[in-house]
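Input: a single structure, listed below in C-alpha cells.
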Amino acid sequence: MQVLVTGGTGFLGGHLCSELARAGHSVAALGSKNADLTRPHSLEPWDITRFDQIWHLAAWTQAGDFCLRHPGEQWIINQQINTNVLTWWQRVQPQAKLICIGTSCSYDPRIELTEDHYLIGQPIDGLYTYAMTKRMLQIGLLALNEQYGFRYLTLVPSTLYGPGYHTDGRQMHFIFDLIRKILRGKHRGEPVVLWGDGYQKREVVYVGDFTRVAVQLAETLDNDLVNLGAGEEFTIREFAKLICDRVGYDVGAVDFDTTRYVGAKSKCLSVDKLRRLLPDMKVTPLGDGLSDTIDWFRRNSAF
Ligand SMILES: NC(=O)c1ccc[n+]([C@@H]2O[C@H](COP(=O)([O-])OP(=O)(O)OC[C@H]3O[C@@H](n4cnc5c(N)ncnc54)[C@H](OP(=O)(O)O)[C@@H]3O)[C@@H](O)[C@H]2O)c1
C-alpha cells in the first residue's frame, strides 16, 4: 500500500513509519521541514501519488503545562494543520482512508472514558483547547464521511512510552520525566522531586504495542473510534517505585511538590471495545517496557 504519515518525524511517527515499512508498505514520512501543514498548499508535492492510507499525527503540542500556557497558539496552529489535511483529503485524496490520532485529554474525566463519550461533556480546563481541537478533527471526519462517504478511523492512545523519545529539551510526558529525574538522582546526585502528591493515577501504553495494533486495526476497521490503551492505571508513586527498582535508586529519597500542576486525578481509557475487536491482544508488561525505556535513556545520555 501507499501510505502517507503526517507527524512522521515525531516520537509516535518514527515508530509508526517503521511498523508500516515492516508490514511491506511504501511510506512517505512528513514533518514540518518538508511539509509545514499550517500552510494551505504544503501537501501539493504529494498530489501525484494515490495514497491508500493517510495517517494524520501532526499536532503542535507538548506535555506538562504547555497546553495551559499556549491555548491561543494551539487553537490557531492545530486548526490550521487539521483543516489543511482534511481539505487535501477532500480535494486530492478521496480514495484514501484517513487515520487520525485522538487524545485521552478530549474526554471529560468525570464520566467513563468509553468511545461514545469522546465528544460529550467538558475536558479539563488546562487541556481544554488542545482537547477541543482534537474533538473538532473528529467532527471533521464525521462530516466528510457523512457528506462524501470518505473512510476514516480514529485511534485514541493513552500516554505513549518507549525508546526513541525527544532529546531536544522540550517538556516531557510524565513517564519520561520520572525516568529522567530518577536517573539524574542516581547518576548526578540531584534531588528527585515529582509533581503533585504522587497519588494521581495514569495509564501508559508501550509505543511498539500501539503501532502494531494500530496498523492491524487500520487494515480492517472503517468509520470508527477506538481507545488504545493498556487498560490499567497506576499511581505516580507506583511508577516511581518500578523505575527506582530498575535504576537502583532509593524510592524513599523521592520527594513530592504538591504546589505543581498535575492535571486530571485519574485518566484510564476503557478498552472493552479494543478487547472485543482483538480478544487475543497481548501488551508488553509495564516492567519490561520501563526497562527498555530506561536503557534507551542511558544509551542516548538523554538525562
Ligand atoms: N505521545 C503521546 O503520549 C500521545 C498521546 C496521545 C495522543 N498523541 C497524539 O499523537 C500524535 C503524535 O504525537 P507525538 O508524541 O509523536 O508528538 P511529537 O513527537 O511532538 O510529534 C509531532 C509531529 O507533528 C509535526 N508537526 C508539528 N507542527 C507541524 C506543522 N506545522 N506542520 C507539519 N508537521 C508538524 C512534527 O514535525 P517536526 O518534528 O518535523 O516539527 C512532528 O512530526 C499527536 O497528534 C498527538 O496529539 C500522542
TODO: Note down all Cβ pairs under 7 Å where the first residue falls in the range 45-60 and is in contact (Cβ under 8 Å) with a residue 12 or more places away in the chain, the second is in a loop (DSSP other than H, G, I, E, B) and open to solvent by 40 Å² or more (accessible area, probe 1.4 Å), and they're at least six residues apart or on different chains.
DONE: Arg50/Gln95; Asp52/Met1; Gln53/Met1
TODO: Would you mind listing the strands (runs of 3 or more DSSP E) fully within the range 165-255 where at least 1 residues are closer than 30 Å to Lys134 by Cα and acidic (Asp, Glu)?
DONE: 224-228
Open item on the list: Need the failing condition index for Leu194 against (1) modelled with pLDDT of 95 or more; (2) in contact with a Phe, Trp or Tyr (Cβ under 8 Å, 6 or more places away or on another chain); (3) buried (at least 18 other Cβ atoms within 10 Å of the Cβ), just the number.
Closed with: (1)
- [ ] Would you please name the residue that is nearest to the ligand (Cβ to nearest atom), looking only at residues in the range 4-20 that are in a helix (DSSP H, G or I) and closer than 23 Å to Pro94 by Cα?
- [x] Gly13
Task: Cβ pairs under 6 Å, 6+ apart, first in the range 152-175 and in contact (Cβ under 8 Å) with a residue 40 or more places away in the chain, second part of a loop (DSSP other than H, G, I, E, B) and near the ligand (Cβ under 8 Å from one of its atoms) - done: Thr154/Gly102; Val156/Gly102; Thr159/His173; Arg170/Gln62; Gln171/Gln62; Gln171/Ala63; Met172/Ala63; His173/Ala63
Task: Sole exception among (1) part of a loop (DSSP other than H, G, I, E, B); (2) open to solvent by less than 50 Å² (accessible area, probe 1.4 Å); (3) in contact with a Lys or Arg (Cβ under 8 Å, 6 or more places away or on another chain); (4) not β-branched (Val, Ile, Thr) for Gly31, by number - done: (3)
Open item on the list: I'm checking my understanding of the structure. Among residues of the range 59-69 that are open to solvent by 20 Å² or more (accessible area, probe 1.4 Å) and either touching a Ser or Thr at 6+ places or on another chain (Cβ under 8 Å) or among the aliphatic types (A, V, I, L, M) (or both), which one is farthest from the ligand (Cβ to nearest atom)?
Closed with: Leu68
Open item on the list: more than 30 Å from Val92 (Cα to Cα) and touching a strand residue (DSSP E or B) at 6+ places or on another chain (Cβ under 7 Å): is that true of Tyr206 in this structure?
Closed with: yes
Open item on the list: Go through (1) in a loop (DSSP other than H, G, I, E, B); (2) touching a residue at least 60 places away in the same chain (Cβ under 8 Å); (3) closer than 21 Å to Gly208 by Cα for Pro279 and report which single condition fails.
Closed with: (2)
Task: Residue satisfying all of: in the range 34-52; open to solvent by less than 50 Å² (accessible area, probe 1.4 Å) and among the polar types (S, T, N, Q); nearest to Asn78 (Cα to Cα) among these - done: Thr38
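The values are calculated or read from the model by the stated rules, or taken from the named source; none is laboratory data. These figures come from a predicted structure and were not determined experimentally. Because the Cβ atoms are built from the backbone with ideal geometry, glycine has one as well, and the counts that use them run over all protein chains shown. Calculation scope for accessible area: heavy atoms of the full protein, side chains included, ligands and nucleic acids excluded. Shrake-Rupley method; radii C 1.70, N 1.55, O 1.52, S 1.80 Å.
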